[in-house]
Number of protein chains: 2
Amino acid sequence: MAKALSVAVIGLGSMGYGIAQSCLRAGHQTFGYDVAEAPMVRFRAEGGAEGELSVVAGTIDALVVVVLNAAQTEDVLFGVDGVARLMRRGTAVMACATVPPEFARRMEAQCAELGLHYLDAPISGGSIKAAAGQLSVMAAGTAEAFAGLSQVLEATAETIFSLGDAAGPGSAMKAVNQLLAGVHIATMAEALTFGMTQGISPSDFVEVISKCAGSSWMLENRAPHIVEGEYAPHSQVNIWPKDLGIVLDIAKSSDFNAPITAVALQQFLTAAAMGLGHEDDAAVAKVYARDAGLTLPGEDT
Amino acid sequence: MAKALSVAVIGLGSMGYGIAQSCLRAGHQTFGYDVAEAPMVRFRAEGGAEGELSVVAGTIDALVVVVLNAAQTEDVLFGVDGVARLMRRGTAVMACATVPPEFARRMEAQCAELGLHYLDAPISGGSIKAAAGQLSVMAAGTAEAFAGLSQVLEATAETIFSLGDAAGPGSAMKAVNQLLAGVHIATMAEALTFGMTQGISPSDFVEVISKCAGSSWMLENRAPHIVEGEYAPHSQVNIWPKDLGIVLDIAKSSDFNAPITAVALQQFLTAAAMGLGHEDDAAVAKVYARDAGLTLPGEDT
């Protein structure tokens, strides 16, 4: 068995916390950092290692960055208090945020200048799979990056897609996945509320459609939230203006016309404008319900 | 065991032919009719019963109408040579085309005036399941309609959704399903070609995304056609201007704004304008490929 590593996880949100827990469970010395104090305290209580990041950075074998976007990823690595220049040459960096492929390539190059091995490694699966160490990772990077992170990947992922020997394809595949996932959520909302105008209840919708050719992974996962009137966020509405925005930025830079994605984005923007940004992303159905004068389950009549 | 019935199937296309075969296999005397001679000859060679429809109509227990749309359904039943007035009171009519719910309600009422029991019974599953007697049927109608067709449903369907005691909800649910299925096909094409602009091959797309949250029934079913460059039609491009058009007609009559459906329809219309109407509906990817200057598998470079 390979020797235990020393790992730091930066970003203890719903995904990062589960990744940190999975590393801990696999026997690795694991440091957890976040801009918020509470998750750090909680993680240390669960067995997380103690130490200032500025000191710890020079001692770890692997860094996992699980922040919201490209700007935060760059800030963590190369900002004023960036850790990249504090780490030893040969340390591996696993970058999990959804970012443009071009950004991933730039980060890989900047890391390489410092002798760091960057893995373009967006993740999929949600917070429950993150906590269980069963994520899907869309990974691309050098053999050194894969080797340096093999134990971390083993601890956190159920499925690892190896998409190339340099950064970029991992983020590209994640963008493709997010295009589909976001459009499928909005389309589910469009279809469910359209059905309501024809007398089909949300529960009948889920029961029938989930067994028919109109089904999708997202429909089966999110439509029940609408049936239950339950909008506590698993994944927030606000994720989609960000992620579909990244998709359309990439598309624009490639002169690619993505009309369905563009329309789905507008529906999530409208949801955000309605003050639903922090609700579960199934709340995009409230845009359609408002426009059509429908009352969704659990709403006041 | 219930006694064998005498059944007539009108419309021997890819779905109707399978339904007729399934009735025959279940031991029912089965007549098959079509505007084309060839499938009728073929069906009789397989054991189909012989007789002029105008004569047979007054002898059958059940009629199954599996034509393209509402206009053809109305023509079969109530046109110049319409069979409705030739059938005995108490005969059951199973109407399988994708039609507006309001049309189904009108047909039910017109049939009721003649003592006929109309089942609003759109089908889903494709030609292979039709031939195997494993369709999904989204059914709504009176108890008499369900009773009169119980053996036909048993012979042809794997899953029967009973959606109400009057016509309408079957067609409504089918419209909901088609909204999703059509949008999912076009979105698959959008995502697959977007991925190609970022260096992701169609085969990598299918391999990875079908295991991720971005997957859909249609993606898993249709994306492999693009990978194989195989556009012999299972379901034609031309189906979608028709079916998404029905969805948008219903939506319009209910003041329902369906922006994603509307955009997906435009992509299928563009495919039809490119002369792809009779190709497999996965050929909507050729619209994106043309616009982005991409070469899909199997295309000349």
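Here are a few things to note about the model shown:
- Computed per residue of chain B from DSSP H runs no shorter than four, each worth -39500 (n - 2.57), the mean residue ellipticity at 222 nm is -15500 deg cm²/dmol.
- Size of the protein assembly as shown as Cα extents on the principal axes (Å, biggest first): 92, 58, 44
- Dipole magnitude for segment A:172-292: computed about the Cα centre from +1 point charges on Lys and Arg Cβ and -1 point charges on Asp and Glu Cβ, it is near 220 debye.
- Inter-chain Cβ neighbour average for residues B:254-267, partner chain, 10 Å: 6
- Scanning chain A for the Cβ atom closest to the axis that brings A onto B yields residue and whole-Å distance A:Ser216, 2.
- Whole-angstrom gap from segment A:27-41 to segment B:167-225, using each part's C-alpha centre: 39
- Segment A:159-238 shape via C-alpha gyration tensor axes, a/c threshold 1.5: prolate
- Extending 7 Å from the Cα toward the beta-carbon at both A:Val55 and A:Ser150 defines two label points whose distance is 3.3 nm.
- The mean count of C-beta atoms from other chains within 10 Å of the C-beta of residues in B:215-221, rounded to a whole number, is 6.
- Spin-label pair B:Ala112-A:Ala36: with each label point 7 Å from Cα along the Cα-Cβ axis, the two points sit 5.7 nm from one another.
- Database remark: amide H of A:Leu12 closer than 5 angstrom to the amide H of A:Val35 (H placed geometrically; neighbours at sequence offset of 5 or more, or on other chains; Pro and chain starts carry no H).
- On the basis of the beta-carbon distance and an R0 of 51 Å, A:His234 and B:Phe78 show a calculated FRET efficiency of 0.50.
- Remark: mean inter-chain Cβ contacts per residue of B:200-210 equal 4, using a 10 Å Cβ-Cβ cutoff to other protein chain atoms.
- Within the shell defined by Cβ-Cβ distances under 15 Å, the residues around B:Glu50 carry a net charge of -2, with Lys and Arg each +1 and Asp and Glu each -1.
- Since only A:Ala285, A:Leu244, A:Pro202 are under comparison, the one whose Cα sits farthest along the positive direction of the charge dipole of segment A:172-292, derived from C-beta charges on Lys, Arg, Asp and Glu, is A:Leu244.
- In a simple Cβ point-charge model (Lys, Arg +1; Asp, Glu -1; nothing else charged), segment A:51-151 has a dipole of about 160 debye relative to its Cα centre.
- Computed packing ranks the peptides A:235-244, B:117-126, A:159-168 as B:117-126, A:235-244, A:159-168, most packed first, by mean other Cβ atoms within 10 Å.
- Segment B:129-200 shape via C-alpha gyration tensor axes, a/c threshold 1.5: oblate
- Positive dipole terminus of chain A, leading residue within A:Gly275, A:Thr73, A:Ile185 (C-beta point charges): A:Thr73
- Overall shape: rounded for segment A:6-166, with the ratio a/c of the largest to smallest alpha carbon gyration tensor axis below 1.5.
- Computed from the C-beta positions of A:Arg44 and A:Ala132 and an R0 of 22 Å, the FRET efficiency is 0.55 to the nearest 0.05.
- What the Cβ-Cβ distance of B:Gln266 and A:Arg25 gives, at R0 = 45 Å and to the nearest 0.05, is a FRET efficiency of 0.35.
- Cβ-based charge dipole, chain B, positive-most Cα from B:Gln266, B:Gly11, B:Thr295: B:Gly11
- Cross-link table A:Lys286/B:Lys174; A:Lys129/A:Lys286; A:Lys211/A:Lys242; A:Lys3/B:Lys211; A:Lys129/B:Lys129; A:Lys211/B:Lys211, entries beyond 26 Å C-alpha to C-alpha: A:Lys129/A:Lys286; A:Lys211/A:Lys242; A:Lys3/B:Lys211; A:Lys129/B:Lys129
- Among beta bridges that DSSP assigns inside chain B, antiparallel share in %, nearest 5: 15
- If both residues of a DSSP beta bridge must be in the protein assembly as shown, then about 15% of such bridges are antiparallel.
- When peptides A:42-54, B:28-40, B:135-147 are sorted by average Cβ neighbour count within 10 Å, with the highest value leading, the order is B:135-147, B:28-40, A:42-54.
- Using bins of 20 Å that start at zero, the share of Cα-Cα pairs per bin across chain B amounts to 33, 52, 15, 0, in whole %.
- Charge dipole of chain B (Cα centre as origin; +1 on each Lys and Arg Cβ, -1 on each Asp and Glu Cβ, all else neutral): 500 debye, rounded to the nearest 20.
No value in this document is a laboratory result; all are computed from the given coordinates. Model, not experiment: these values are computed from the prediction. No Cβ is skipped: glycine too gets one built from the backbone with ideal geometry, and neighbour counts run over all protein chains shown.
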